Amino acid sequence: MLKFMRKHATGYMVKAMFGLIIVVFIFWGVGSFRDRERVVAEIGPYKVDATEYQEAYNKTLEFYRMIYREKLDENLLKELKLKEKVKDEIVNRYVLLITADELGLSVTDKEFLEHIQGIDAFKREGKFDEKLYIAVLQRSNIDPKKFEAAERNNMLIQKAANVIRDNGTFFSEADIWAGYVKEKGMVNLSYAIFDPSTFRGKVEVSEKELFDLYEKEKGSHRSESAYHLKYLVIDEKSPVKDDAAYMDLLKEKEIDRYGKQKGLNVVDLGMMKESEAMKRLKNLKIGDWLRGLKKGDITLPVREGGTSYIFQLIDVQEGKPLDKGVVLATIKERLIEERSKNLAKLAAEDAIGRKSISGGKETGFITRNTRSIRGIGDVPKENADLLTLSKKKPLYERPVEIAGRFYVFSFKDERFPDTKEWQKEKESYTRYFTAKNREEFFSSFLTEMRAKGKIKISWQEI
């Protein structure tokens, strides 16, 4: 791929406008590309120190704070996987620098001067002002030489990204039509169902394995625990911020007394079974923090919209061991379900292997980009390609599990998009298709560079 790209890394590609690669602020990377302290990653010949990672993390965190504002709590941070995002962004920058070097790309003095003079922060009355340039950097405590080195790297990274994207835009009219068919065309699929319930009678569970499993698991089969919770409600009108209230409560320990002192509303939920608590407080993601609490513990603020909730566990009643007969019945039912499900999957795989598909059921015509099939359910993401079946590829060669049952799909018929509609939308769709595939090509290129081990990437514990 790189040999091909070297041939095309000149001319209009080099002069292309710099595209957005990752979340970039004006001084992103100024602290990068220098040796300072503990190395936390090695990416090819480059070393990433802890300060560079922390600067990148802080800037990305600030970006998400601007987007989510008060909704950005610990639970959302976990969902966003911010550390992983920052690591990926850093790796991508250095992968692109390595690619730029392999392609022989560079930033000329003229290009760099035009770039610096085009930054609004350094302009006075619409024109670049060198004194203002120095003053802005001094106010930000940034060394001009380090800033310029970082900016050159940013330009080189963006230049490499543009070359990669440009080399992913060579599409024929047939490619574009195929994309249009995928989005606007329709397909009718035949399918056979392999339901685990029909295989239950073939499952055998011996008494020995049943009692062996009981001995291993009996300690984990208990009735529901019950919890007595109280919580404070804090919003923008409250006299104290949620983080300050949390710190106070760690010392105070008495949620009722603290609420009275601060004029905050304290809600007493009383003793509730775990399932009831999960249902009642599901919007507050109670499953993430309830089971780890001990009597008297205070939770971190749980935020929802503009309101925060701080809980205290007043008391807990642990579940009691279940009756042996109940546990044995539970274990047996679980084994039967697992094994009947496995038999259904094996039968589906056997039918695919023998290309013996029967059942006579059809989906009816559905769009090729649908996410759900009427009467069956949602199509799993990993099986979305079953909607690409055609005369050339009539059989989907994997069982598809939907709602606990296994399906084997095959091609029945298709409808192509209306040609008149295609002529109307051809120009706009071509632009959309090209832009979409540029980004897909760019992402796949970076993934390929990592996956093939062309660039060694090693992260230390952070």
- Note on the structure: Here the range 429-445 yields Karplus 3J(HN,Hα) values (6.51, -1.76, 1.60; θ = phi - 60°; whole Hz; Gly and Pro given as x) of 5, 4, 5, 4, 4, 5, 4, 4, 6, 4, 5, 5, 5, 4, 5, 5, 4
- Task: With N denoting the number of residues in the chain, provide Rg(C-alpha) divided by 2.2 N^0.38 Å, to two decimal places.
- Result: 1.33
- Which net charge results when you count Lys and Arg as +1 and Asp and Glu as -1 among the other residues whose beta-carbon is under 9 Å from that of Ala226? -4
- For the range 299-402, convex hull volume per residue from C-alpha positions, Å³: 217
- How about the range 212-320: which GluC sites (Glu not before Pro) there are in a DSSP loop, with at most 13 other Cβ atoms within 10 Å of their Cβ? Glu236, Glu254, Glu318
- Cβ density ranking, 10 Å radius, fewest first, applied to Leu232, Leu446 yields Leu446, Leu232
- Ordered by fewest other Cβ atoms within 10 Å, a rough proxy for footprinting exposure, Asp242, Asp195 read Asp195, Asp242
- Message: Distance between the C-alpha centers of the range 114-190 and the range 200-253? Whole Å please.
- Response: 48
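Counting Lys +1, Arg +1, Asp -1, Glu -1, what net charge surrounds Leu132 among other residues with beta carbon under 9 Å of its beta carbon?
Once positives and negatives cancel, what remains is +1.
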- Note on the structure: Most exposed first, judged by fewest Cβ atoms within 10 angstrom, Arg280, Arg38 run Arg38, Arg280
- Item | Note, ³J(HN,Hα) from phi for the range 79-91, Karplus 6.51, -1.76, 1.60, rounded to Hz, x at Gly and Pro | 5, 6, 6, 4, 4, 5, 4, 5, 4, 4, 5, 5, 4
- Message: As a test of the formula, what do you get for the chain when each DSSP H run with n ≥ 4 contributes -39,500 (n - 2.57) and the sum is divided by the residue count, at 222 nm and rounded to the nearest 500 deg cm²/dmol?
- Response: -15000 deg cm²/dmol
- Item | Whether the range 223-317 is rounded, prolate or oblate, judged on the alpha carbon gyration tensor where a/c under 1.5 counts as rounded | prolate
- Item | Alpha carbon convex hull of the range 83-132, projected area averaged over orientations, nm² | 5.3
- Query: Does the range 256-305 come out rounded, prolate or oblate by the C-alpha gyration tensor, with a ≥ b ≥ c the root eigenvalues, rounded set by a/c under 1.5 and, if not, prolate when a/b is larger than b/c and oblate if not?
  - Reply: prolate
- What nm value, rounded to one decimal, do you get for the distance between Thr388 and Arg280 when each label is placed 7 Å out toward the C-beta? 5.0
- Message: Show me, for the range 271-285, the HN-Hα J-couplings you get by feeding each phi into the Karplus relation (A = 6.51, B = -1.76, C = 1.60, θ = phi - 60°), rounded to Hz, glycine and proline as x.
- Response: 7, 10, 5, 4, 5, 5, 5, 4, 6, 5, 10, 4, 5, 9, 6
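No value in this document is a laboratory result; all are computed from the given coordinates. Because the structure is a prediction, the values reported are computed rather than measured. When we count neighbours, we look across all protein chains shown, and the Cβ atoms used for this are built from the backbone with ideal geometry, even at glycine.
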